[in-house]
Amino acid sequence: MSAALHRAIGFAGGLVLLAAGCGSTEGGVTAGPDRDGTATTAPVGTVPATSEQPGAAGAGCADVVGATIEVTGDTYAVSATVASADTGWEKYADAWEVRALDGSVLGTRTLAHPHETEQPFTRSLSGVAIPVGVQTVVIAARDSVEGFCGTTFAVEVPGR
């Protein structure tokens, strides 16, 4: 997984990635350079404080704060927990994506309404086909105004 996660650095554009479901809290994942050009290493299961983190002043982005993957026959069911600054129909988290580390989109969950009174919230997507060679996926959420700009969440694919 280490080499695959390092490849994610270019894809993530410097956003912090978390490895979930690893069964260990030792070690870390390299998350890429901070804004000052220094590398950030996040111990598995924790998030270093950066301006891209949930609650960053003025960010207005939808952040993925948790995710799980379950095997469902030949496909997978993915659940994502999103925290966003929903204010109603004028601004809300309107989708999240399951992506391979190369950036290809494997599934999209459209969110049909705001969740301003339910934060953070969790929604699922079933029937996600994850190619055999993919060991880790990244979940990214979209804000209806800001687009994809928030914290992503990396999850290991079970059984790989």
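Overview of values
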read-out: Residue, nearest to Ala154 (Cα to Cα), within segment 92-118, restricted to residues that are among the charged types (D, E, K, R), in contact (Cβ under 8 Å) with a residue 24 or more places away in the chain and surrounded by fewer than 18 Cβ atoms within 10 Å (Cβ to Cβ); value: Asp102
read-out: Residue in segment 37-57 that is part of a loop (DSSP other than H, G, I, E, B), modelled with pLDDT of 90 or more and under 19 Å from Gly147 (Cβ atoms) present; value: no
read-out: Residue within segment 136-146 that is β-branched (Val, Ile, Thr) and over 15 Å from Thr68 (Cα atoms) present; value: yes
read-out: Tally, over segment 145-158, of residues that are surrounded by fewer than 18 Cβ atoms within 10 Å (Cβ to Cβ) and either among the basic types (Lys, Arg) or outside any loop (DSSP other than H, G, I, E, B) (or both); value: 2
read-out: Residues of segment 70-90 classified as part of a loop (DSSP other than H, G, I, E, B) and either touching a residue at least 60 places away in the same chain (Cβ under 8 Å) or hydrophobic (A, V, I, L, M, F, W, C) (or both), total; value: 3
read-out: Residue in segment 122-144 that is under 18 Å from Cys61 (Cβ atoms), part of a loop (DSSP other than H, G, I, E, B) and among the small types (Gly, Ala, Ser) present; value: yes
read-out: Residues of segment 91-121 satisfying the condition of being of a type outside the set (A, V, I, L, M, F, W, C), in contact with a Ser or Thr (Cβ under 9 Å, 6 or more places away or on another chain), modelled with pLDDT of 95 or more and not in a strand (DSSP E or B); value: Tyr92, Pro120
read-out: Considering residues of segment 58-69 that are of a type in the set (A, V, I, L, M) and not in a strand (DSSP E or B) only, the residue farthest from Gln135 (Cα to Cα); value: Ala59
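The values are calculated or read from the model by the stated rules, or taken from the named source; none is laboratory data. No experiment lies behind these values; they were computed from the predicted model shown. Glycine also receives a Cβ, built like all others from the backbone with ideal geometry; neighbour counts cover every protein chain displayed.
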